[in-house]
1. What's the number of the condition residue 116 fails, among (1) modelled with pLDDT of 90 or more; (2) touching a helix residue (DSSP H, G or I) at 6+ places or on another chain (Cβ under 9 Å)?
2. Among all residue pairs at least 6 apart or on different chains, which show Cβ distances below 6 Å where the first residue, located in segment 64-82, is at pLDDT 90 or above and the second is among the charged types (D, E, K, R)?
3. Residues to consider are 34, 43, 25; find the one that is part of a strand (DSSP E or B), of a type in the set (Val, Ile, Thr) and over 21 Å from residue 105 (Cα atoms).
4. Would you check if residue 121 is surrounded by fewer than 16 Cβ atoms within 10 Å (Cβ to Cβ), of a type outside the set (Asp, Glu) and in contact (Cβ under 8 Å) with a residue 12 or more places away in the chain?
5. Restricting to segment 46-57, name every residue that is open to solvent by 20 Å² or more (accessible area, probe 1.4 Å) and part of a strand (DSSP E or B).
6. Report whether or not residue 109 is loosely packed, with under 10 Cβ neighbours inside 10 Å and either part of a helix (DSSP H, G or I) or touching a residue at least 12 places away in the same chain (Cβ under 8 Å) (or both).
7. Could you list, in sequence order, all residues of segment 58-83 that are part of a strand (DSSP E or B) and over 19 Å from residue 108 (Cβ atoms)?
8. For segment 114-165, which residues satisfy the criterion of being of a type in the set (Asp, Glu) and either closer than 30 Å to residue 80 by Cα or within 21 Å of the chain's Cα centre (by Cα) (or both)?
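The values are calculated or read from the model by the stated rules, or taken from the named source; none is laboratory data. What you are looking at is a predicted structure, and each value in this text was computed from that prediction instead of being measured. Here the Cβ positions follow ideal geometry from the backbone for every residue, glycine too, while neighbour counts run over all protein chains shown. Heavy atoms of the whole protein, side chains included, go into the accessibility calculation; ligands, DNA and RNA do not. Shrake-Rupley method; radii C 1.70, N 1.55, O 1.52, S 1.80 Å.
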Amino acid sequence: LVSSCFPTILLESKLYKTTVTTKEINKFFNDLKITGLTLGVFISLSSAIAKCPRFRFERRNNISVVFIPNAGFDQINIVSAVLFLRELYKLENECKVTLENVDNISRNICKIMDKFSVIFKHTQETRHIMFDSRNTIYRELDRTYMSMLSLESKMTSVIEDIKCNIR
């Protein structure tokens with residue numbers, strides 16, 4: 001479904017062990033040009049993208065692309081990029097904003113996204129800490145449970161000894 005609210009966006013994801021090269025970026029811009037699309041999201045799930053910070057917006061020859069390196073498998077990265085491009089599309093097509101204004105707005109959004117990337121990094125770190133804490137708690141609960149089973153076994157043995165002595 002193509003409409004003024006839902007433009008067609010080309011998505012490309014990479015699952016590389018090494019940095020995605022500039023050659024791949026140029027190929028993506030060329031793919032957009034060949035398909036006639038003007039919006040794209042380029043995501044590297046597991047590695048950096050050449051010359052790209054946490055979030056980058058680039059515009060070449062009326063083609064707009066959002067780059068997200070080290071995105072992981074959290075869908076929020078794709079959703080955020082698509083929503084960003086959708087709003088940009090609406091600004092250009094519905095509000096008749098000039099490209100200069102869009103570029104200024106984009107630069108301001110990129111500055112804001114830099115702040116977001118810091119928050120996002122802290123969120124990821126907190127998630128890892130929480131995951132490690134959960135695993136530690138589970139290990140301790142398992143250890144305590146096993147200790148309890150051992151104590152129950154020993155108590156059962158003592159009770160049996162008492163029964164034998166009473167008889």
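1. (1)
2. Hits for this filter: 65/58; 67/56.
3. Checking each option against the conditions leaves just 43.
4. Spelling it out, residue 121 is indeed surrounded by fewer than 16 Cβ atoms within 10 Å (Cβ to Cβ), of a type outside the set (Asp, Glu) and in contact (Cβ under 8 Å) with a residue 12 or more places away in the chain.
5. Once the filter is applied, which keeps residues that are open to solvent by 20 Å² or more (accessible area, probe 1.4 Å) and part of a strand (DSSP E or B), segment 46-57 yields 56, 57.
6. When the stated conditions are applied, residue 109 does not pass them.
7. Correct list: 60, 63.
8. Across segment 114-165, the qualifying residues are 114, 125, 132.
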